[in-house]
Amino acid sequence: VIERAVDDLARHLDKDPAEIRRMNFVPKFTEDRPSLMGLNVDSGDYLPAFERALEMAEYDQYRKEQTSRRGNGDVRQIGIGLSSYIEMCGLAPSNILGALRYAAGGWDAAQVRCQPSGKVTLYIGTSPHGQGHDTTWAQIAADELGVTPDDIEVLHGDTATTPLGMDTYGSRSIAIGGAALHYALQKIKDKARTLAAHELEVSEDDLTFENGAFRVQGAPDKVRTIPELAVTAWTAHDLPDGFEPDLTATATWDPKNFTWPYGTHVCVVEVDTETGHTDLLRYVAVDDCGVVINPMIVDGQIHGGVAFGIAEALYEEVIYDEHGNLATSTLTQYLVPSAAEMPSFELDRTETPSPTNPLGVKGIGEAGTIAAPPAVINAVVDAVSHLGVTEVGKPATPERVWRAIKDAQGGGA
Amino acid sequence: MIPAPFEYQRVDSVDEAIQALSGEPDAKILAGGHSLLPLMRVRLSRPSKLVDISRIQDLKYIREDGDHVAIGAGTRHHDVANSEALKELCPIVPFSAEQIGDPQVRHVGTIGGSVAHADPASDMPSVLVALDAEMVVRGPGGVRNVPAVDFFKGLFEPDLSHDEVLTEIRVPKTQGRGWSYVKFHRRAQDWALVGVAALAQNGSGPAIGLTNMADRPIRASGVEEALSGGSDPGAAAERAAEGTSPPSDAFASAGYRQELVKVLVRRAIEEAQSR
């Protein structure tokens with residue numbers, strides 16, 4: 001609604017929709033900043049993502065092309081849609097959920113078990129169903145413990161084995177569950193350091209830790225790796241006083257704030273003014289989800305989200321007939337678009353770390369679904385606004401667009 | 001999603017098929033199954049028996065026959081779409097076959113099945129009506145040839161009695177005649193909201209066939225008349241909705257289709273005239 005309203009305002013003020021957004025962005029900030037919503041936003045630097053998206057989409061050139069086609073009265077008109085979003089992710093500080101009368105809290109959990117076999121098992125409270133936690137969580141642990149991701153197994157989805165968490169929704173998994181894993185890994189490292197110091201007969205301060213190995217400063221051949229320490233912690237034949245056997249740790253994490261990813265998407269369409277058909281020419285997304293752990297998974301999340309958003313804007317609709325029967329009860333009538341209907345997504349990122357969690361991550365699960373519908377609808381309306389159209393309902397089917405044009409021209413239909 | 005019970009018989013020849021159909025008024029022929037099986041699954045169709053002709057090799061061919069090209073009814077859409085002979089001799093047919101469904105559908109569905117199903121939203125029927133193609137039908141009494149325009153009698157209603165088999169589709173050679181098939185649909189694999197098959201005037205008069213604009217594929221005779229009288233495509237296309245009765249459904253209203261068809265007919269004529 002806001003992004004549609006901003007475009008409307010731009011039209012009323014006779015300003016370029018890009019210019020009006022540029023004038024209104026909040027300047028860069030890296031620590032919590034109060035917002036009108038009453039919540040603090042963690043960090044943001046909105047303009048660079050916006051400018052990068054416009055540059056990638058060749059915004060100025062398409063504006064020129066649009067002017068020229070309008071001048072010629074072409075049947076196929078160009079429309080450019082902008083959508084800058086910010087999302088409240090990383091649900092959520094438990095006390096805020098309590099104030100909102102949620103039944104549950106917003107924390108999450110992770111358990112790390114360094115097996116005597118050298119393998120590492122992660123038991124996580126988040127519950128991926130296609131978001132790639134097996135890969136990303138393994139990467140986080142591999143980085144910290146100096147083992148390869150191949151040696152890490154991630155278990156989830158069964159509370160008979162995993163710690164209780166709050167699941168996967170609200171783009172919260174990495175910001176909450178990932179942070180819980182981070183803290184569990186710190187406990188493992190602390191424990192391992194204590195044991196390594198004991199075995200190497202030095203003080204903990206004399207140890208360096210790199211690539212999964214503790215070394216004595218000045219005597220680098222004196223070394224203990226995490227897998228070695230996992231064995232001695234398990235056999236427990238010679239442990240320091242008070243040391244709990246087994247190299248295992250659990251952590252929970254309840255954030256102090258939400259995370260606030262953001263970005264700008266640009267959609268360029270060509271609308272056939274005679275039939276109302278919309279062709280997607282370009283789709284550019286520049287997102288900032290804080291620190292990125294696995295770029296391919298982040299891209300995949302954006303691809304899926306944008307596809308969903310495009311579906312909402314142009315295809316999917318639940319229709320009941322005049323007798324109240326569902327007319328879209330199968331996938332023949334309920335139009336889920338396929339790859340054939342999608343343009344190639346052009347993606348880039350800016351990276352503004354979140355101060356809310358130790359990983360600096362923000363979450364990316366819903367970005368595409370948030371940004372795409374207004375970007376596409378803004379583009380469709382922009383393509384035919386010179387014909388007097390100010391609004392097209394979702395989904396912008398060929399018939400809706402065609403009727404909007406007819407109505408604007410006073411012809412009715 | 002489970003069909004009603006039915007008998008199943010696979011046959012190896014057309015004669016055997018006719019025999020299997022005799023005395024079974026509720027039997028249906030199964031070829032690719034891409035039209036029939038979805039209807040059976042929701043029990044809109046409840047045949048007592050399926051006679052599977054998909055392995056009759058004698059029904060799979062594309063060959064020149066005088067001033068026609070003969071297409072065996074069991075030929076897959078994919079083979080129609082990729083036939084060099086058809087691309088040269090009657091290019092509108094392979095082009096339209098390529099517009100049907102998606103690759104999986106085209107590798108299993110057959111031209112004969114699509115035609116005998118007589119769905120007005122299917123692409124091939126309106127192309128055949130525009131071409132004045134002929135359907136070759138065999139039954140216990142022998143062989144008869146039916147012009148396309150007579151073959152499609154109504155919604156899912158081909159000119160076939162229960163013990164007859166559509167064996168061949170004969171399309172005239174159209175070399176040198178401009179053509180176009182314009183399919184307007186939402187997603188790549190969807191049926192046409194509206195489709196237009198156009199053949200330019202050249203020896204024969206102009207011919208325009210319409211997909212999904214009535215209970216059967218029809219000719220836009222008003223447009224053809226205007227073109228023959230010398231109208232330009234734009235003026236002629238204004239008559240495209242005459243005599244149509246398109247459906248209103250979840251995809252589009254009848255009123256929109258009747259306006260859309262004018263645009264698509266004009267574009268189809270322009271394309272046909274330019275190639």
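The values are calculated or read from the model by the stated rules, or taken from the named source; none is laboratory data. All figures in this text were calculated on a predicted structure; none of them were measured in a lab. Methodologically, a virtual Cβ is constructed for each residue, glycine included, from the backbone with ideal geometry; neighbour enumeration extends over all protein chains shown.
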Any pair with Cβ under 9 angstrom, 6 or more apart, that starts in region B:167-193 at a residue that is within 14 Å of another protein chain (Cβ to nearest Cβ) and ends at one that is in a loop (DSSP other than H, G, I, E, B) and basic (K, R): B:L193/B:R186
Which pairs do you get when a residue that is under 24 Å from A:I124 (Cβ atoms) and surrounded by 19 or more Cβ atoms within 10 Å (Cβ to Cβ), found in region A:185-196, comes within reach of a residue that is hydroxyl-bearing (S, T, Y) and at pLDDT 95 or above, reach meaning Cβ atoms under 8 angstrom, with the pair 6+ apart or on two chains? A:I188/A:T248
Restrict the check to region A:276-285 and report whether at least one residue is buried (at least 24 other Cβ atoms within 10 Å of the Cβ), within 30 Å of B:Y256 (Cβ to Cβ) and away from every other protein chain (no Cβ under 14 Å). yes
Among residues of region A:107-126, those that are farther than 12 Å from A:W137 by Cβ and either among the basic types (K, R) or surrounded by 23 or more Cβ atoms within 10 Å (Cβ to Cβ) (or both), counted: 4
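Output the residue which, of all residues in region A:335-347 that are more than 8 Å from chain B (Cβ to nearest Cβ) and buried (at least 16 other Cβ atoms within 10 Å of the Cβ), is nearest to A:G363 (Cα to Cα).
A:L347
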Out of all the residues in region B:97-105, is one or more surrounded by fewer than 24 Cβ atoms within 10 Å (Cβ to Cβ), acidic (D, E) and under 15 Å from B:Y181 (Cβ atoms)? yes
Test each condition in (1) of a type in the set (A, V, I, L, M); (2) part of a loop (DSSP other than H, G, I, E, B); (3) modelled with pLDDT of 95 or more; (4) closer than 30 Å to A:A104 by Cβ for A:L164 and report the one that comes out false. (3)
Residue by residue through region A:313-327, note down the ones that are more than 8 Å from chain B (Cβ to nearest Cβ) and of a type in the set (G, A, S). A:A313, A:G324
For the list (1) within 30 Å of A:G177 (Cα to Cα); (2) in contact (Cβ under 8 Å) with a residue 12 or more places away in the chain, I need the number of the one condition that A:R11 fails. (1)
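Mind listing just one residue for me: the one in region A:379-413 that is part of a helix (DSSP H, G or I) and touching a Leu at 6+ places or on another chain (Cβ under 6 Å) and, of those, nearest to the other protein chains (Cβ to nearest Cβ)?
Once the filter is applied, the top-ranked residue is A:I405.
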So which pairs qualify, if the first residue must be in region B:36-62 and farther than 18 Å from B:V115 by Cβ, the second must be among the hydroxyl-bearing types (S, T, Y) and modelled with pLDDT under 95, the Cβ gap must be under 9 Å, and the two must be at least 6 apart or on different chains? B:V42/A:T330
For region A:358-371, state whether one or more residues are acidic (D, E), part of a loop (DSSP other than H, G, I, E, B), more than 14 Å from chain B (Cβ to nearest Cβ) and more than 30 Å from A:T168 (Cα to Cα). no
Considering region B:1-37 alone, what residues qualify as being closer than 30 Å to B:D190 by Cα, among the aliphatic types (A, V, I, L, M) and either in contact with a His (Cβ under 9 Å, 6 or more places away or on another chain) or surrounded by fewer than 20 Cβ atoms within 10 Å (Cβ to Cβ) (or both)? B:M1, B:I2, B:A4, B:A27, B:L36, B:L37
Take B:A73 and decide whether it is of a type in the set (A, V, I, L, M, F, W, C) and either surrounded by fewer than 20 Cβ atoms within 10 Å (Cβ to Cβ) or touching a residue at least 60 places away in the same chain (Cβ under 8 Å) (or both). yes
I'd like to know if region B:195-206 contains one or more residues that are modelled with pLDDT of 95 or more and within 14 Å of another protein chain (Cβ to nearest Cβ). yes
So which residues in region B:83-125 are farther than 23 Å from B:H68 by Cβ and hydrophobic (A, V, I, L, M, F, W, C), if there are any at all? B:V105, B:V108, B:A121
What do you reckon, is A:V361 of a type outside the set (S, T, Y) and more than 22 Å from the chain's Cα centre (by Cα)? no
Restricting attention to region A:87-130, the residues that are modelled with pLDDT under 95 and assigned to a strand (DSSP E or B) number exactly 1
Can you name every one of the helices (runs of 4 or more DSSP H) wholly within region B:175-275 that holds 1 or more residues which are in contact with a Lys or Arg (Cβ under 6 Å, 6 or more places away or on another chain) and crowded, with 20+ Cβ neighbours inside 10 Å? B:221-228, B:233-237
Could you check region A:345-397 and list, in sequence order, the residues that are more than 30 Å from A:I176 (Cβ to Cβ) and β-branched (V, I, T)? A:V376, A:I377, A:V380, A:V381, A:V384, A:V389, A:T390, A:V392, A:T397
Just checking, does region B:144-159 include any residue being over 25 Å from B:D249 (Cα atoms), in a loop (DSSP other than H, G, I, E, B) and in contact with a strand residue (DSSP E or B) (Cβ under 7 Å, 6 or more places away or on another chain)? yes
Considering B:A252, B:A237, B:A214, B:A220, which residue is within 14 Å of chain A (Cβ to nearest Cβ) and closer than 28 Å to B:H117 by Cα? B:A252
Are any residues in region A:168-187 of a type in the set (A, V, I, L, M) and within 11 Å of A:A251 (Cβ to Cβ), and if so, which ones? A:A179, A:A180, A:L181, A:A184, A:L185
